[in-house]
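Read the structure below first, then the notes.
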Amino acid sequence: LARSVRHTAVRQAHRKHEPDFHDKYGNLVLLGGAAVFTVVWGYALTQIGIEWGFSPVGRVTPKEWRE
């Protein structure tokens, strides 16, 4: 049994490694995702008019009290 396990391990170690999807396209997918992330957040932060002052002081006026 031990000899057959060792023989199988040696055979697999010498087998030629074919590139799979991650070997072929991994870096390309990573760079594409980073580019989309950057473009979307760049647009969101610069174009859709977010007000960056988080303090309501001076912008919120109290309503008159009604009884």
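The values are calculated or read from the model by the stated rules, or taken from the named source; none is laboratory data. Predicted model only: the values in this text are computed from it and were never measured. Glycine gets a Cβ as well: all are built from the backbone with ideal geometry, and neighbour counts include every protein chain shown. With ligands, DNA and RNA removed, areas are computed over all heavy atoms of the protein, side chains included. Shrake-Rupley method; radii C 1.70, N 1.55, O 1.52, S 1.80 Å.
Applying a 10 Å radius around every beta-carbon, put 24-32, 58-66 in order of their mean neighbour count, most first.
Order by mean packing, descending: 24-32, 58-66.
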Phe21 accessible area, nearest 10 Å², 1.4 Å probe? 120 Å²
